[in-house]
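Engineer: Dropping the structure in here first, questions after.
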Amino acid sequence: MHIPDGYLSPATCAVGYAVAIPVWATAARKVGKTVKSRQVPTLALLSAMCFLIMMFNIPIPDGTTAHAVGGALVAVLLGPWAAVIAISVALAFQALLFGDGGVLSYGVNVVNMAIVLPFLSYGGYRLLAGRSLLTAPRRAVAAGVGGYFGLSAAALCGGVELGLQPDLFHNAQGQPLYSPYHLSQAVPAMLLAHLAVASVVEAVLTGGVIAYLQRANLPLLRVNHPGVPLTGDEPGRARQVRPVRLALAAVVTMAVLTPLGLLAPGTAFGEQRPGQLDLARYHLSAIPSGLQKWNGLWHHAFFSGYDFGHDQHPALGYLVSAAIGIAVIGLTILAVAGVVRRLQARRSRSRAAAAATAEESDQPIGAAP
């Protein structure tokens, strides 16, 4: 799912940014209006949680790996626009600090995992949940099914993007310049890995957390469901745990468990280094020139591959990477939220001043202000 640099042409990457930038701008405006100040720490922790979820590699029968994202859960809890911000920030630092995903291809990765995934997941959830009560089992099932189809759709997008490259960008001899995978190879590989494994994990994670919150923490569920009626008695003391505390507990637990992601052998489809490509399998005479040129574009990752000791202490490297990722992502979300709120406050003051000036200019001459 984290497409590295070199597998997509610069033109394809530019299209990804062209789609992502206006969505980011809209998301910042929407989140600034809908997510209250007290909910920003929860958003920061959920973003860190997505980062951790994506560190858990799951083995696929064909020898590759895949991972869930957690975007469906964020979309259900805080809305899809908040999920855009949360996942985009996580993806940015995965690329910059850990070399997981490319810098040129970052916009395309955002389109797949931070836009397609949360919006389709949330749409499916809303459609299936209907007007059911907030504590109805139907909502947990709807969240899980929405997450399954949202992640599967994101995987399909990734497969199509990789699979179109050989047909759109090749040399005079017909050799691909970037991704060597054709649609007939990329789409089945991506869909198999997710329909059979990763999307199931996304569904179980999303539905399971929502089912748990229905019993243990209704305040967190109410954030994005203010008008949805409850059933039964009002939540008791056990349901009054602050959302940020629950999110923090989940993040700490997952951080401790992150070394389990090292147990999955192999790499994800489409994430191999140029030297790891099986040239004979893809009928290549040489490594595609564009892939060779752009794959090492960003070489400043401090913890490349979530490691800092050249695989001497991989578990420790994973834990340190998790801790650093949590801190950087959380602080970035808080900083972005603070900037957005200051800008909105400045606009509100400007509008109030303009309205007051207009009101004074409409008063009759000689009238008391």
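Engineer: Once you order the gyration tensor axes a ≥ b ≥ c over the Cα atoms, which shape class does region 21-65 get: rounded for a/c under 1.5, otherwise prolate or oblate by comparing a/b with b/c? Intermediate values should be presented prior to the final figure.
Structural biologist: On the way: a/c = 5.49, a/b = 2.09, b/c = 2.62.
In terms of gyration-tensor shape, oblate.
Engineer: Pull up all non-local amide H partners of residue 66: gap of 5 or more, or a different chain, and H-to-H distance under 5 Å with H placed in the peptide plane.
Structural biologist: Under 5 Å from the amide H of residue 66 lie the amide H atoms of 58, 60, each far enough along the sequence or on another chain.
Engineer: Now for a different question. With θ set to phi - 60°, apply the Karplus curve 6.51 cos²θ - 1.76 cosθ + 1.60 along region 166-179 and write out the HN-Hα couplings as whole Hz, x wherever there is a Gly or Pro.
Structural biologist: x, 7, 8, 9, 8, 8, 5, 8, x, 6, x, 8, 10, 4
Engineer: Under a 5 Å amide H to amide H cut-off, with H placed in plane at 1.01 Å, what residues pair with residue 3 once short-range neighbours are removed?
Structural biologist: HN-HN under 5 Å from residue 3: 102.
Engineer: From the Cα gyration tensor of region 39-98, with a ≥ b ≥ c the square roots of its eigenvalues, which class applies: rounded if a/c is under 1.5, or else prolate if a/b is larger than b/c, or else oblate? Walk me through the intermediate numbers first.
Structural biologist: Working: a/c = 2.70, a/b = 1.71, b/c = 1.59.
Note, shape of region 39-98 comes out prolate.
Engineer: Calculated from DSSP H runs of 4 or more alone, at -39500 (n - 2.57) each and per residue, what is the 222 nm mean residue ellipticity of the chain, nearest 500?
Structural biologist: -20000 deg cm²/dmol
Engineer: Which far-off residues, 5 or more places away or on another chain, put their amide H under 5 Å from the one on residue 170, with H placed in the peptide plane?
Structural biologist: When sequence neighbours closer than 5 places are left aside, the close amide H contacts are 177.
Engineer: Treat the count of other C-beta atoms within 10 Å as a stand-in for reagent exposure and order 329, 60, 21 from fewest to most.
Structural biologist: Going from sparsest to densest Cβ surroundings: 21, 60, 329.
Engineer: Taking the beta-carbon count within 10 Å as an exposure proxy, list 287, 333 from fewest neighbours to most.
Structural biologist: On the way: 287 17, 333 24.
Taking fewest neighbouring Cβ atoms as first place, the list is 287, 333.
Engineer: Across region 137-142, in residue order, what do the Karplus-derived ³J(HN,Hα) couplings come to in whole Hz, using 6.51 cos²θ - 1.76 cosθ + 1.60 with θ = phi - 60° and x for Gly and Pro?
Structural biologist: 3J(HN,Hα) across region 137-142, in whole Hz: x, 4, 5, 5, 5, 4.
Engineer: Further, regarding this structure: Note down the Stokes-Einstein diffusion coefficient of region 46-182 in µm²/s, whole number, using a Kirkwood radius over alpha carbon pairs, 20 °C, and 1.002 mPa s.
Structural biologist: 134
Engineer: Report the calculated FRET efficiency for residue 315 and residue 360 (r = Cβ-Cβ distance, R0 = 56 Å), to the nearest 0.05.
Structural biologist: That gives a FRET efficiency of 0.25.
Engineer: Can you tell me which of 211, 358, 186 moves the most in a GNM of the chain? Springs connect C-alpha atoms under 10 Å apart.
Structural biologist: Of the options given, 358 has the highest mean-square fluctuation.
Engineer: Please arrange 360, 161, 202, 271 by counting, for each residue, the other beta carbons lying within 10 Å of its beta carbon, fewest first.
Structural biologist: Ordered from fewest to most neighbouring Cβ atoms within 10 Å, 360, 161, 202, 271 come out as 360, 271, 161, 202.
Engineer: Right, here's the next one. Go through [x] 23.4; [y] 21.0; [z] 21.9 and flag the label whose value is the computed Kirkwood radius over Cα pairs in Å for this structure.
Structural biologist: Answer label, from the structure shown: [z].
Engineer: Under 1.5 on a/c is rounded, so check that first for region 1-106, then, if it is not, pick prolate when a/b is larger than b/c and oblate when it is not; a ≥ b ≥ c are the square roots of the alpha carbon gyration tensor eigenvalues.
Structural biologist: Numbers: a/c = 2.29, a/b = 1.31, b/c = 1.75.
Oblate, because a/c is 1.5 or more while a/b does not exceed b/c.
Engineer: Size of the dipole of the chain about the Cα centre, Lys and Arg at +1 and Asp and Glu at -1 on the beta carbon, nothing else charged, in debye to 20?
Structural biologist: 1500
Engineer: Output wanted: per-residue J couplings in Hz (rounded whole) for region 6-20, from phi through Karplus 6.51 cos²θ - 1.76 cosθ + 1.60, θ = phi - 60°, x for Gly and Pro.
Structural biologist: x, 7, 10, 5, x, 5, 5, 5, 5, 5, x, 5, 4, 7, 6
Throughout, read-outs are computed from the coordinates displayed, never taken from laboratory work. Please read all numbers here as calculations on a predicted model, not as lab measurements. Every residue, glycine as well, gets a Cβ built from its backbone with ideal geometry; the counts of neighbours run over all protein chains shown.
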